[in-house]
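Report on the following structure.
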Amino acid sequence: MRFRAPKGTDDIMPPGSRRWRNLLRSWDILAERYGYEYVATPIFESTELFARGMGETTEVVEKQMYNFRDKAGRKLTLRPEITAGVVRAYIQAGRSGEFKGAYSGPAFRYERPQEGRRRQFWQLGLEYMGTPHVEADLEVIELGYRYMLDCGLGDVVVQVNSIGDPPDRTAYHGLLSSWLEERSRLLSEDARRRIRSNPLRVLDSKTDREVVAEAPVPVDHLGSEAASHHEHLIEGLEERGIVYEEAPRLVRGLDYYNRTVFEYVPPSYRAAQNAVGGGGRYDGLARLLGGRAVPGVGLALGLDRILAAAGDRPAARALDVFLVVADQERRSLAHSFARRLRSAGVRCDLLTGRRSVRAQFRAANRRDAAVAVVIGEEWDAGLVTVKDLSSGVGRTLPAGEVISFVLRGPGGQQA
Ligand code: AMP
């Protein structure tokens, strides 16, 4: 019997996994630079957490959750998103006030698999809790935007909208429901079902796009505070030079948002109306999950989609140096040289056991190293031979200069 990865899941393997690793790394660095601490929460949580947090009538909760019971009969779910878990953790830890957390990890949704729509996918996210201020919304949007630029999605557009505060929404829901009711024969079955339970979701239904094009939109029905928050948001986006677009029908799939909602859409994805990431403000979520009322705003980006949207790029080399041991009696020397290089930040490897020089060079190429460093009899004179594996050009260098040659030298291998 041959085993295969389950439908809609992927193995992240080299060479593609190199970009994956780099993107995860740059996410960590960027989030840390903005003051977000690392958080990790369980891959599974109680089913109720997501049903409450995301909303019983959302598509994810209704159709896409991986639910199961453990041996004690507890109802559990593989997380379909990560925000609910982070907010739960914040409450459980007895935290209060401001909290800035960043995470990355897999999430699971039972979807019809296609490119950029996987059953296990990777999310990178942020939660900025404890402040209702619009500057927090702007910081989160800016960080995600900068990350997109760093990933090579230079022409990404941030679509923004405000869906108001709960009282604005109650009034608006009534208005929208009646408007939809009058046109119910034109709507899809799903949309008709949602008129009462979740009319907002009909606004971004792809099947009903033409009908809802004329529907009243939330941003025209904001209370004064939500309206001023939104105005400041738009001003802030202008000030920061973030390329944005107002998207009055953007509501996002999850129920917990209020006021600001946004998505990052690269032009290549526009036709399909697919976002590589999105987020919004969720001032009611902590309360909904049993905590005190703590405002929050966050985002989640999909790594699978970012990679697909950024297209193929030449993968960086996997290693800076592959050590080739010409004289087998120098093996332990080679190992101590490898330790020196690695301590200095050089990505370096060598084969195990006694191998021919040819076999070692073949391995150096197969492992996609930038240079091979040969340790042979010239070592006694403090020298090694460094061979550029792209050009085939070799030169002899003092062993002590290999580190600076590799890290800063021609080729700038770690650039
Ligand atoms: P959402 O909150 O549903 O908009 O999800 C946030 C981001 O996660 C999306 O913009 C996608 O980049 C990513 N994402 C959501 N679902 C999937 C999926 N099934 N496959 C791949 N990426 C996904």
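Points to keep in mind about this one:
- The GluC sites (Glu not before Pro) of the range 202-240 meeting both criteria, a DSSP state outside H, G, I, E and B (loop) and at most 13 other C-beta atoms within 10 angstrom of the site's C-beta, are 214.
- Lysine pairs in the chain with Cα atoms under 28 Å, if 8 or more residues apart or on separate chains: 7
- Here the sum of -39500 (n - 2.57) over DSSP H runs of 4 or more residues, divided by the residues of the chain, equals -10500 deg cm²/dmol at 222 nm, to the nearest 500.
- When the alpha-carbon atoms of the range 204-334 are used, the pair Rg, Dmax equals 23.6, 80 angstrom.
- For the range 101-149, the fraction of C-alpha pairs more than 12 angstrom apart is 71%.
- Anisotropy class of the range 356-399 from Cα gyration tensor, a/c 1.5 cut: oblate
- The range 328-415: C-alpha gyration tensor shape, a/c 1.5 cut-off, then a/b vs b/c: rounded
- Coil-residue trypsin sites (Lys or Arg not before Pro) of the range 6-41, DSSP, other Cβ within 10 Å capped at 15: 7
- Loop-located trypsin sites (Lys or Arg not before Pro) in the range 160-260, at most 11 other Cβ atoms within 10 Å (DSSP): 206
- If R0 is taken as 56 Å, the Cβ-Cβ distance between residue 356 and residue 182 corresponds to a FRET efficiency of 0.10.
- Translational diffusion of the chain, estimated by Stokes-Einstein from the Kirkwood radius over alpha carbon pairs at 25 °C in a medium of 0.890 mPa s, is 101 µm² per second.
- The range 331-375 shape via C-alpha gyration tensor axes, a/c threshold 1.5: oblate
- Candidates 78, 351, 288, ranked by Gaussian network fluctuation over the chain, Cα under 10 Å, top entry: 351
- Our note on the geometry: Cα centres of the range 82-120 and the range 348-373, 41 Å apart.
- Choice from 404, 205, 26 showing the highest fluctuation, given a GNM over the chain with Cα pairs closer than 10 Å: 404
- Since only 215, 184, 156 are under comparison, the one whose Cα sits farthest along the positive direction of the charge dipole of the range 116-275, derived from C-beta charges on Lys, Arg, Asp and Glu, is 184.
Read the figures in this text as sums done on the coordinates, not as results from a lab. Keep in mind it's a predicted model, so treat the numbers as computed, not measured. Because the Cβ atoms are built from the backbone with ideal geometry, glycine has one as well, and the counts that use them run over all protein chains shown.
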